[in-house]
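Q: I have a structure here, written as structure tokens, and I will follow up with some questions on it.
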């Protein structure tokens, strides 16, 4: 055991060791996983199947392990770029339709998909599966849809910001956009679940750490962070941390009226204009 681990364990005087261990992220994985992914309530896709104003279709994405994921492709005929949308906590395609429509109105095609554990999948959601599924969605755009990797823009929302950053670290995308993103999943979970402050980083499963800032610091693609000033789930300081560590070219927009998830109506025009400007700069 390393010296810093011995020192940390020795500092737990008065804390029942078995209780400390039982509640740790590496042992109580089911509790920790629920805190990450939340409870899932399936939505209806009827609105998509009846949509007439925006060309869209269901697609099937196959992971490296042969698992099938449901995706939905929103096609803009004149688009020269496609936005790959990594949804947030507890989200399926049905819950992100309005935001996909807003993103498509910025002049890009959009692919949104469901991680295992959501949609028709019967598997349990895990961070490792989310990351594998996200890489599969990128590869689908390249291999099945014929997109040039440099024309794919990664768009990570909330929990999905970790998936977007992971894909950016293993594939050659054209740009990275984080909406309500976090600096690292460990830092975020410590803010959301106060007792997790008692656990050092090495107690968290390695695949669950999702150090976005660490990845962003090493990237060489354009970066855009957008965050609600009133976000009470992921504090805007996470966006500032990511922005400050990103190389140029980079952009940060804090929406004054927005909380978490999609922009509030009062911020929609600002959000859209900044999206259009960023995409045009690529």
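Q: Condition check: surrounded by fewer than 23 Cβ atoms within 10 Å (Cβ to Cβ), touching a residue at least 12 places away in the same chain (Cβ under 8 Å), out of contact with any helix residue (DSSP H, G or I) (no Cβ under 7 Å at 6 or more places or on another chain) and part of a loop (DSSP other than H, G, I, E, B). Does residue 132 satisfy that?
A: In short, no.
Q: Pairs, please: C-beta under 9 Å, at least 6 apart or cross-chain, first residue on the phi > 0 side of the Ramachandran plot and at pLDDT below 95 and in the stretch 223-249, second assigned to a loop (DSSP other than H, G, I, E, B) and surrounded by fewer than 14 Cβ atoms within 10 Å (Cβ to Cβ)?
A: Short answer, once both residue conditions are applied: none.
Q: Output the number of residues of the stretch 69-83 satisfying the condition of being touching a residue at least 40 places away in the same chain (Cβ under 8 Å) and more than 20 Å from the chain's Cα centre (by Cα).
A: Residues that pass the stated criteria total 1.
Q: Suppose the filter is modelled with pLDDT of 90 or more, surrounded by fewer than 24 Cβ atoms within 10 Å (Cβ to Cβ) and on the phi > 0 side of the Ramachandran plot; does residue 146 pass it?
A: yes
Q: Check the stretch 173-192 and report whether any residue there is out of contact with any strand residue (DSSP E or B) (no Cβ under 6 Å at 6 or more places or on another chain), more than 22 Å from residue 260 (Cα to Cα) and either touching a residue at least 12 places away in the same chain (Cβ under 8 Å) or surrounded by 20 or more Cβ atoms within 10 Å (Cβ to Cβ) (or both).
A: The answer is no; no qualifying residue exists.
Q: If we scan the stretch 224-231, do we find a residue that is more than 16 Å from residue 99 (Cβ to Cβ) and surrounded by fewer than 17 Cβ atoms within 10 Å (Cβ to Cβ)?
A: Yes, the stretch 224-231 contains a residue that is more than 16 Å from residue 99 (Cβ to Cβ) and surrounded by fewer than 17 Cβ atoms within 10 Å (Cβ to Cβ).
Q: In the stretch 100-127, which residues are assigned to a helix (DSSP H, G or I) and crowded, with 21+ Cβ neighbours inside 10 Å?
A: 100, 103, 127
Q: Restricting to the stretch 135-157, give me the number of residues that are in contact with a helix residue (DSSP H, G or I) (Cβ under 9 Å, 6 or more places away or on another chain) and within 22 Å of residue 97 (Cα to Cα).
A: 10
Q: Which of the residues belonging to the stretch 135-153 are farther than 16 Å from residue 93 by Cα and either in a helix (DSSP H, G or I) or within 12 Å of the chain's Cα centre (by Cα) (or both)?
A: Listed by number, the residues that qualify are 135, 136, 138, 139, 140, 141, 142, 143, 149, 150, 151.
Q: What tally of residues in the stretch 90-99 results from selecting those that are surrounded by 19 or more Cβ atoms within 10 Å (Cβ to Cβ) and part of a loop (DSSP other than H, G, I, E, B)?
A: 3
Q: Which residue out of 156, 162 is surrounded by 17 or more Cβ atoms within 10 Å (Cβ to Cβ) and either in a helix (DSSP H, G or I) or at pLDDT below 95 (or both)?
A: Every option except 162 fails the conditions.
The values are calculated or read from the model by the stated rules, or taken from the named source; none is laboratory data. Remember, it's a predicted structure, so these values are computed and weren't measured experimentally. Glycine also receives a Cβ, built like all others from the backbone with ideal geometry; neighbour counts cover every protein chain displayed.
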